[in-house]
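Step one of this worksheet: look at the structure below.
The values are calculated or read from the model by the stated rules, or taken from the named source; none is laboratory data. Just so it is clear, the model here is predicted, and its values are computed rather than measured. A quick note on method: Cβ atoms are made from the backbone with ideal geometry, for glycine too, and the neighbour counts reach across all protein chains shown.
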Amino acid sequence: MAVLVLGIGNLIMTDDGIGVRVVQRLAASYRFPSGVTVVDGGTLGLDLLPMMEGVDRLLIIDAVETGGAPGTLVRLAGDEIPVAFRTKLSPHQMGLQDLLAVAELQGNLPGEMVLWGVQPESVEVGMELTAAVAAREELLEDEVLAELAGWGIAPEPVTAP
């Protein structure tokens, strides 16, 4: 089974960078089994299309407009994911919506898709997460690991030398 864990976002737009930050933490802290790819997708959009080929399960991590309080976590699955990006939070989300649409047209849409996201407080220019979102970063990472565990994937923690 091929699994793609894809962190999306822009690190210079405050909370918009949460997805990228989480996959960077995962990549630095864990060794993933064969068949699991962890990718900092940044704002690449359609440039990520080749990575979708042969993927059975896709787990996306991103800032998502939920209408909730800043820092609210949300889990979306399947057809809920493209609907979530109709409310455009940042330019990369249009790219992600296009990526999923083209992957579907090419027959490369994964059979299972899950998005773990967090309601941003700010997507203004800035390098730091807001306090509300930073406080949820570790919990978001835990939810991603729990999702992977539900798929039978147990990454191995990297031990410090």
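Just a few scattered comments:
- Residues that are in a loop (DSSP other than H, G, I, E, B) and more than 17 Å from residue 17 (Cα to Cα), drawn from segment 136-159: 151, 152, 153, 154, 155, 158, 159
- Residues of segment 61-70 satisfying the condition of being touching a helix residue (DSSP H, G or I) at 6+ places or on another chain (Cβ under 8 Å), more than 21 Å from residue 43 (Cα to Cα) and of a type in the set (Gly, Ala, Ser): 69
- Here the condition is being closer than 20 Å to residue 153 by Cβ and outside any loop (DSSP other than H, G, I, E, B); of 18, 60, it holds for 60 alone.
- Inside segment 1-29, residues that are at negative phi, at pLDDT below 95 and of a type in the set (S, T, N, Q) make up a count of 1.
- Residue 63 being under 14 Å from residue 100 (Cβ atoms) and at pLDDT below 95: no
- Number of the exception - residue 30 against (1) within 24 Å of residue 153 (Cα to Cα); (2) free of Cβ contacts under 8 Å to residues at least 40 places away in the same chain; (3) over 12 Å from the mean Cα position of the chain (by Cα): (2)
- Residues within segment 67-102 that are in contact with a strand residue (DSSP E or B) (Cβ under 9 Å, 6 or more places away or on another chain) and modelled with pLDDT of 85 or more, tallied: 10
- From 23, 38, 55, residue being in a strand (DSSP E or B) and in contact with a strand residue (DSSP E or B) (Cβ under 6 Å, 6 or more places away or on another chain): 38
- Among all positions in segment 118-135, there is at least one residue which is in a strand (DSSP E or B) and surrounded by 19 or more Cβ atoms within 10 Å (Cβ to Cβ).
- Of the residues making up segment 122-161, those that are over 16 Å from the mean Cα position of the chain (by Cα), under 21 Å from residue 14 (Cβ atoms) and not aliphatic (A, V, I, L, M) are 122, 124, 126, 128, 130.
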